[in-house]
Amino acid sequence: MDPVTISLGARLTELAREKPDSPAVTDHQHTLTWRELDLRTNRLARALEVAGVAHGDLVSVGLRNSAGFVEACFGLWKLGATPQPLSFRLPAAEAKAVMDLAKSPILIAEPDFIADRPRYDIAALLALSDDDSPVPDRTAPTYKAPTSGGSTGRPKLILSGAAGVYTPTPGGSGGYRTSAEDTMLMPGPLYHNGPFTSAFAGLQRGAHLVLMPRFDAEQTLAAVETHRATWMYLVPTMMSRIWRLPEAVKGRYDLSSLKQVWHLAAPCPPWLKEAWINWLGPEVIMELYAGTEAQAVTIISGEEWLAHRGSVGRPSFGEMAAFGPEGRRLGPGETGEIYMRRPEGWPQTYRYRGAAPRTLPDDWESLGDIGWFDAEGYLYLADRRADMILVGGSNVYPAEIEAALDEHPLVISSAVVGLPDEDLGALVHAIVQPRPGLSEAALREHLKTRLVGYKQPRSYEFVDAPLRDEAGKVRRSQLRDERISRSAGASPE
């Protein structure tokens, strides 16, 4: 018999009946049970309607990680509206452009978020209704509408091709393999697609979600021990910062409850991945590669990775292939642009608002990644097409250089960009956030045996501010443009 699909609001009510007093969401302040979450989101659905939200609307949610973020989304789904996650850190002009594109009638955010439309936090919404009785069953036409994670310039929304429904899947929720028995620890920001998708996939299965207000390396380990977390989401930046903790600090916490640690969102340097596999065990470390567009997905376990070092796995959903610039499909070992397509007969998984997809004939679509496949069909990523640096006719991939830089114990984070050069076309420039005591000479010595000559940075820049956001994303094009602009401004006329 086919599994029964129900609305996300109905699924929450179902879980509230099955385990009313079990914890659903825990943040840094309190825990909501499934019954409390169900009742409060009934109130929120009615309040949102009073505030002017209608069935099918996209509504921007600019809250920090909190139980309130989860409440806002379920309140919208119960009304038949769609959450449009928005970073609370966005500059006002960029946030306005995203909300204009979404046509969001209101903004759900804290008072410090400046907006040109009505803004409500959770308390203000709850003040609009005290009726927590069951609401009419509605289904949002679109499950979610996140922004493009690495975009600069014109905003882009990625509307899910799926409606706001829950369909039971054997063995766990989607690729993440969560179950009702899991306690999920989420240190990543819910306004990014990876944390959003995995957190709500687990909640739909009945897992207990523990949210950290922001990532902190030691506090993440402490939260695993305190909540006996069985499942955790990380990005390579978080993994690096945790791994750099003193051995005495890492050894202070009991991590034996962890059954799955998933990392995604950015390439993981092989040395760092191997360190985590040796620390927690290959059966614990899992990796997923996909875009928000979800045409295809790869998954790789720690055991598989040890046999295919550096790979992100083989497609477990949809198809992927490497293509050359002339549109020729490439064979094993040949590096090209990675294109994806959904399974034959599968409905459209997304649609853009504010952009057009990069396509080839026969429904192949690219997210801009460069990579190659081995003879067994395992994918190895090089970098983003837009970030590749052409140095004297040779392709240089910033992620490879950043991985080598980040291996130095005094490097907190790094970003590599190409700056214009009359002779070579571009020169490799390294931007580094250092720990005390790091010198340019030490970095040059460190890279001597790790990178071929043309990949060596010609120039270095030390900065105090983090180079990656909370989700491990780096905007290389923005960093590059800022430095080119600065250089042009300093040049004599």
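Laid out as a table, the results:
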{"item": "Members of segment 429-445 found to be in contact (Cβ under 8 Å) with a residue 24 or more places away in the chain and either open to solvent by 30 Å² or more (accessible area, probe 1.4 Å) or out of contact with any Leu (no Cβ under 8 Å at 6 or more places or on another chain) (or both), listed by number", "result": "434, 435, 436, 437, 442"}
{"item": "Residue under evaluation residue 85, criteria (1) at pLDDT 95 or above; (2) surrounded by fewer than 20 Cβ atoms within 10 Å (Cβ to Cβ), criterion not met", "result": "(2)"}
{"item": "Elements of type strands (runs of 3 or more DSSP E) in segment 13-99, at least 3 residues being touching a residue at least 60 places away in the same chain (Cβ under 8 Å)", "result": "23-26, 82-85"}
{"item": "Single residue of segment 100-112 satisfying the filter (free of Cβ contacts under 8 Å to residues at least 60 places away in the same chain and touching a Leu at 6+ places or on another chain (Cβ under 7 Å)) that is most open to solvent (accessible area, probe 1.4 Å)", "result": "103"}
{"item": "Strands (runs of 3 or more DSSP E) completely within segment 247-354 that count 3 or more residues being buried (at least 16 other Cβ atoms within 10 Å of the Cβ)", "result": "260-263, 285-289, 297-301, 314-317, 319-323, 336-341"}
{"item": "Those residues of segment 34-82 which are open to solvent by 10 Å² or more (accessible area, probe 1.4 Å) and of a type in the set (Lys, Arg), in sequence order", "result": "35, 40, 43, 46, 64"}
{"item": "Some residue of segment 175-192 being part of a loop (DSSP other than H, G, I, E, B), over 24 Å from residue 21 (Cα atoms), open to solvent by 10 Å² or more (accessible area, probe 1.4 Å) and free of Cβ contacts under 8 Å to residues at least 40 places away in the same chain", "result": "no"}
{"item": "Residues of segment 202-243 that turn out to be open to solvent by less than 10 Å² (accessible area, probe 1.4 Å) and free of Cβ contacts under 8 Å to residues at least 40 places away in the same chain, as a count", "result": "7"}
{"item": "Residues of segment 205-239 satisfying the condition of being closer than 14 Å to residue 187 by Cα and of a type in the set (Gly, Ala, Ser)", "result": "217, 222, 223, 229"}
{"item": "Of residues in segment 382-404 being open to solvent by 30 Å² or more (accessible area, probe 1.4 Å) and in contact with a Phe, Trp or Tyr (Cβ under 7 Å, 6 or more places away or on another chain), the one modelled with the highest pLDDT", "result": "388"}
{"item": "Complete set of residues in segment 355-372 that are on the phi > 0 side of the Ramachandran plot and either in contact (Cβ under 8 Å) with a residue 60 or more places away in the chain or open to solvent by 30 Å² or more (accessible area, probe 1.4 Å) (or both)", "result": "362, 363"}
{"item": "Pairs with Cβ under 8 Å, 6+ apart, first in segment 373-389 and without any contact (Cβ under 8 Å) to a residue 60 or more places away in the chain, second part of a helix (DSSP H, G or I) and not hydrophobic (A, V, I, L, M, F, W, C)", "result": "382/400; 388/398; 389/398"}
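The values are calculated or read from the model by the stated rules, or taken from the named source; none is laboratory data. From a predicted model like this one, the values you see are computed outputs, not experimental measurements. No Cβ is skipped: glycine too gets one built from the backbone with ideal geometry, and neighbour counts run over all protein chains shown. These area figures cover heavy atoms from the full protein model, side chains too; ligands, DNA and RNA do not enter into them. Shrake-Rupley method; radii C 1.70, N 1.55, O 1.52, S 1.80 Å.
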